[in-house]
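Data block below; observations after.
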Amino acid sequence: MELLALIGQTTRVKSLVPILVILAVATVYGLWYKASRGKIRVTGTSNSAPVAALTAEILGAPLGTRATLVQFSSAFCTPCRATRLLLESVVLNMPDVRHLDIDAEAHLDLVRRLNIHSTPTTLILDSRGVEVGRAIGAPSREQVLNSLAGIS
């Protein structure tokens, strides 16, 4: 009788192991995903290879005289709407900064060229159209303002 009880407990423990492994992997992925979204990453540093500038012809609208925030969105993306409102409000009192909202689905060639893998993705361009920062996900107002403050 004791042997049967021991076998039953071992079987229950063995059936819990895959569930615990899946929960651990999902937790690690979730923490990574949360940490990687919405942060502005600096790009185009002096140590990197020269980056081709994005022009008004490529983007379909004039660039800002100091900076341009290029947001790639999709129609059914809820964070895209929040990001659009945030960026529009940030540039409202900055006449030298422009916000461009580009439909990722309608510009797949540009999306592929710029390695846009999810929406919203916001590129921060300097006055020459060179990418100096990138946010995957919805950035905070403070992050956007700090990034723009670094561009002269």
Inset, instruction - Quickly run through the range 30-46 and pick out the residues that are at pLDDT 70 or above and surrounded by fewer than 10 Cβ atoms within 10 Å (Cβ to Cβ). - result: ALA35
Inset, instruction - Return yes or no: is ARG113 closer than 16 Å to GLY60 by Cα, touching a residue at least 40 places away in the same chain (Cβ under 8 Å) and exposed (fewer than 15 other Cβ atoms within 10 Å of the Cβ)? - result: no
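Assess whether THR27 counts as being at pLDDT 75 or above, among the β-branched types (Val, Ile, Thr) and in the same structural domain as ARG134 (by TED's automatic domain parsing).
Taking the combined requirement at face value, the residue does not satisfy it.
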Inset, instruction - Would you check which residues across the range 82-100 are surrounded by fewer than 21 Cβ atoms within 10 Å (Cβ to Cβ) and within 14 Å of the chain's Cα centre (by Cα) and list them? - result: ALA82, ARG84
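The values are calculated or read from the model by the stated rules, or taken from the named source; none is laboratory data. All figures in this text were calculated on a predicted structure; none of them were measured in a lab. As a convention, Cβ positions derive from the backbone with ideal geometry for all residues, glycine included, and neighbour counts pool all protein chains shown.
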